[in-house]
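Data first, discussion second: the structure below is written as structure tokens.
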Amino acid sequence: MEDSGLGTAPVGKLLLSASLNANIALLLYSIYSVTDSLFLAWSVDAYAAGAVSVTTPLLLILSAVSTMAGSGGASVISRCLGRGDQEQAARVAANVFLTFWLFAIIVSITGILLIDPLLNILGAAGRLYDYAKEYGVILLAGAVFSTGFSAIIRAEGAARFSMYIWVFPVLLNIVLDYLFLFPFQLGVKGAAAATVISQMLSLGMSIWFFFIRKKRTYYIKRQHFRLKRQIMKETVLIGFPSLVQQSTSSILLIIVNRQLFHYGGEAAVTAFGFVTRLQTLLLLPQSGIIQGMLPIFGYNMAGGKRERGKETIKLAAVGMIVYGIVAAGIGILFRKPLLTLFTREEEILIIGIPAMIFLLAAAPIKGYEALIASGYQALGNARRALVLTVVSFCGIKIPAILLSGSLWRLNGILWAFPVSDLLIFILAVIAGRKILDRSKAMPDNKLC
């Protein structure tokens, strides 16, 4: 069995290595996301790029399905490996694959059949509608290729390969974007096709890792591909908070886009799409720190090494806050030149430039709720993670945007972001106090 070092190597070194690998992959993906919008804005027009942003909730739904299966499975696998049960880890991984593909097929078929009403709900109107439909149909058709199971790869300590299954597909995506949008002039359909093809590469690399690569921590065999009710139940239950988080993010984007279109038209929706892509690019390293933390935290807490778990989550929190301060400073200081990369249309810039300040103001504390919720997931405590996620989004974020928008229109929507982020941070600090108390944080699990 390959030694991952999750329970023995220095925690700081492990977290730095795992986070760097995750961040390289995430940053490259975010750079692709920005270049995708830039290429569309340059080759078609700004509203083609804005339409892709409108379809983001569809992408989040697909991502939510893969994240649910991946985070739930990774939590169980990390704990199984922490207790030395490689056979159970293999069963869980095989069931995760089956669970994801089942959900992905359902999402794909349902999404394509209901694409028109879905786009109406998403707020795609005017010039944005046709572009959004062309893009969305192709992405939904390729739903079964939309994950490389990087969370499960990280769960056994293979952080570097989990980076590779992001890096190489994203590089391919950028190259194909350029070819399809400029020399071949395929427009929005070309951008969508490039994404699906790159996802195929990611999935192919994962298949090699799990089934062909010889040096493995555990080995998945044919007999492991039998759906086990208990495994599926725990995987879905633990991963469910991630599904809820990304689903509520989709709902949030739908609400925001509809509010923006109502108060500011196509220009407001397009401006917000550009701003959120830049925000994602700047803040993704916070997600990388969380991803790097999870296997280390879950492995050590399951193995009874509470002090290592405590050190892991504290170092992750400090790293996220420090990085958030730097990212907010860069984004706010250079907000105008960053936005003018996408467009020089005055009506879009008038909304987008101040929006950058509001969306980045709470950057240092923005990811803390996700850190605590993910920590509970790593321990197998889906209930605490779910409650924190639901209250944060449905009890704070969404009501704040709806109320502020109805009272103060566009300015109210912008103010709602930093104010709600501060309230969510306070809630997460309260919820995080018990995460290191193993008797309260970790439920009794039948699997691992």
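Taken together, the values in this text are just the output of simple stated rules run on the coordinates, not laboratory data. Remember, predicted model here, so these are calculated numbers, not experimental data. Neighbour counts are summed over all protein chains in view; Cβ atoms, including those assigned to glycine, are modelled from backbone coordinates with ideal geometry.
Please give every one of the aspartates and glutamates within straight-line cross-link reach of Lys228, meaning a C-alpha to C-alpha distance under 15 Å, and leave out same-chain neighbours fewer than 8 residues apart.
Hits, sequence-local ones excluded: Glu87.
Over region 11-441, what is the relative contact order in whole percent, taking alpha-carbon pairs under 8 Å and six or more residues apart?
Numbers: 694 pairs, mean separation 105.5, N = 431.
Relative contact order for region 11-441 comes out at 24 percent.
What angle, in degrees between 0 and 90 and rounded to the nearest 10, separates the Cα long axis of helix 11-43 from the longest principal axis of the Cα atoms of the chain?
30 degrees
Starting from the 7 Å offset along Cα-to-Cβ, what nm value, one decimal, do you get for the label separation of Arg344 and Lys221?
6.6 nm
Report the relative contact order of region 6-93, percent, no decimals, based on alpha-carbon pairs under 8 angstrom and at least 6 residues apart.
After rounding, I find 16 percent.
For n ≥ 4 DSSP H runs only, could you compute -39500 (n - 2.57) per run for the chain, divide by its residues and tell me the 222 nm figure to the nearest 500? Don't jump to the answer; show the numbers that get you there.
Numbers: 18 runs with 358 residues, N = 448.
Only helices count here, giving -27500 deg cm²/dmol.
Checking the cross-link filter: which lysines have an alpha carbon closer than 22 Å to that of Lys397, excluding same-chain neighbours under 8 positions apart?
Excluding near neighbours in sequence, the set is Lys366.
Along the Cα-to-C-beta direction of His262, a point sits 7 Å from the Cα; which residues of region 372-401 have their amide N less than 12 Å from that point?
401
Explain nothing, just the number: dipole magnitude of the chain about its Cα centre with +1 on each Lys and Arg Cβ and -1 on each Asp and Glu Cβ, in debye rounded to the nearest 20.
Value, rounded to 20: 1720 debye.
Take each of the peptides 207-214, 44-51, average the number of other beta-carbon atoms within 10 Å over its residues, and list them starting from the highest.
44-51, 207-214
Can you find, among Leu237, Phe145, Gly405, the residue sitting farthest towards the positive end of the charge dipole of the chain, where Lys and Arg contribute +1 and Asp and Glu -1 at Cβ?
Result: Leu237.
Between their Cα atoms, which of Lys305/Lys434; Lys221/Lys305; Lys13/Lys233 are more than 27 Å away from each other?
Violating the 27 Å Cα-Cα cut-off are Lys221/Lys305; Lys13/Lys233.
Counting Lys +1, Arg +1, Asp -1, Glu -1, what net charge surrounds Ile325 among other residues with beta carbon under 15 Å of its beta carbon?
With Lys, Arg at +1 and Asp, Glu at -1, the net is 0.
Output ³J(HN,Hα) for region 87-100: one whole-Hz value per residue in order, computed from phi by the Karplus curve 6.51 cos²θ - 1.76 cosθ + 1.60 with θ = phi - 60°, and x for Gly and Pro.
My calculation for region 87-100 gives 5, 5, 4, 5, 4, 5, 4, 4, 5, 5, 4, 5, 4, 4 Hz in order.
What does the charge count around Leu27 come to, taking other residues whose C-beta lies under 15 Å from its C-beta (Lys +1, Arg +1, Asp -1, Glu -1)?
Taking every Cβ under 15 Å from that of Leu27, the sum is 0.
Given +1 on the Cβ of Lys and Arg, -1 on the Cβ of Asp and Glu, and no further charges, what dipole in debye does region 165-318 carry about its Cα centre, rounded to the nearest 20?
Working: 18 positive and 5 negative charges, 231 e Å.
Computed charge dipole of region 165-318: roughly 1100 debye.
According to a simple spin-label model (label point 7 Å from Cα along Cα-to-Cβ), what is the distance in nm between Tyr178 and Lys228?
Distance between the two pseudo-spin positions: 4.7 nm.
Can you tally the net charge around Val188? Count Lys and Arg as +1, Asp and Glu as -1, for every other residue whose Cβ sits under 14 Å from the Cβ of Val188.
Numbers: positive: Arg127, Lys133, Lys189; negative: Asp36, Asp45, Asp130, Glu134, Asp177.
Around Val188, the charge tally is -2.
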